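Since the structure comes first, as structure tokens, the remarks are kept for the end.
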Amino acid sequence: MPNEPIYRYRFIPVEPRHLNMISEWLAEPHVAKWWDGDPEAEAASIAEHMDSVSVEPFIIMLGDEAIGYLQAYDPHLEDDHPYQDQPTGTLGLDQFIGEPDLIGQGHGPRLLDEFVSLLFEEGVPRVIVDPDPANSQAIKAYEKAGFVAFDTRTSIYGPALMMARDNPDLVFEQSPEDGQETRLQ
């Protein structure tokens, strides 16, 4: 039985020096298909996130190589965000692997699992993702990383399959009145 390679992912804050690389990734067909499609506009939005209270942008590192982009956001800190019905403390993730030769090698589920585990260690109760329902490759990666579908929605961002992974160290109770979940531990 061959040994599985050991992957070491790191997540470093986006800096201005990363924006050209992010723009190049956004122009890659496998990324542009599911992101805005306008790399310049998306890169400008990511640049704004560097100073945001509600969104934290990261470069995904595999060893010493930058391989993708990830942003964590708090829907409760954005006015009128469509996912404010999630439990307080929930964070959403958006991400992509920018390097085309790394697609389909299992990096997505592994890096997601690693990042979500870090969030759970910090006490985050739930992490959500919202892939386009037609993006079967992303949905499979999320499922492998422990996410479970719980809803489909259409928002200003387009169609979304809502998926969540709950912190196993926290217990939730759902209110019969409004359906809101409350953290018990």
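Quick note: the coordinates plus some simple rules give every number you see, no bench work behind them. Just so you know, these numbers come straight off a predicted model, no measurement behind them. Every residue, glycine among them, receives a Cβ derived from its backbone with ideal geometry; neighbour counts consider all protein chains shown.
Brief remarks follow.
- 3J(HN,Hα) along region 72-89, derived from phi through the Karplus expression 6.51 cos²θ - 1.76 cosθ + 1.60 where θ = phi - 60°, amounts to 9, 9, 9, x, 7, 9, 10, 4, 6, 5, x, 10, 6, 7, 7, x, 4, x Hz, with x in place of Gly and Pro.
- Projected label points at Gln137 and Leu170, each 7 Å from Cα along the beta carbon direction, are separated by 3.2 nanometres.
- Per residue, the convex hull spanned by the Cα atoms of the chain measures out at 136 cubic angstrom.
- For region 7-62: rounded, prolate or oblate by the Cα gyration tensor [a/c cutoff 1.5]: oblate
- If you plug the beta carbon distance of Thr154 and Ala41 into 1/(1 + (r/R0)^6) with R0 = 25 Å, you get a FRET efficiency near 0.70.
- Based on the Stokes-Einstein relation at 4 °C and a viscosity of 1.567 mPa s, and on the Kirkwood radius from alpha carbon pairs, region 10-117 is assigned a translational diffusion coefficient of 90 µm²/s.
- Environment charge at Ala47 (Cβ cut-off 13 Å; Lys +1, Arg +1, Asp -1, Glu -1): -4
- Shown in residue order for region 63-69 are the 3J(HN,Hα) couplings computed by the Karplus curve 6.51 cos²θ - 1.76 cosθ + 1.60 at θ = phi - 60°: x, 9, 9, 6, 10, x, 10 Hz (x for Gly and Pro).
- Cα-only Debye scattering, region 50-107: base-10 log of I(q)/I(0) at q = 0.28 Å⁻¹: -1.08
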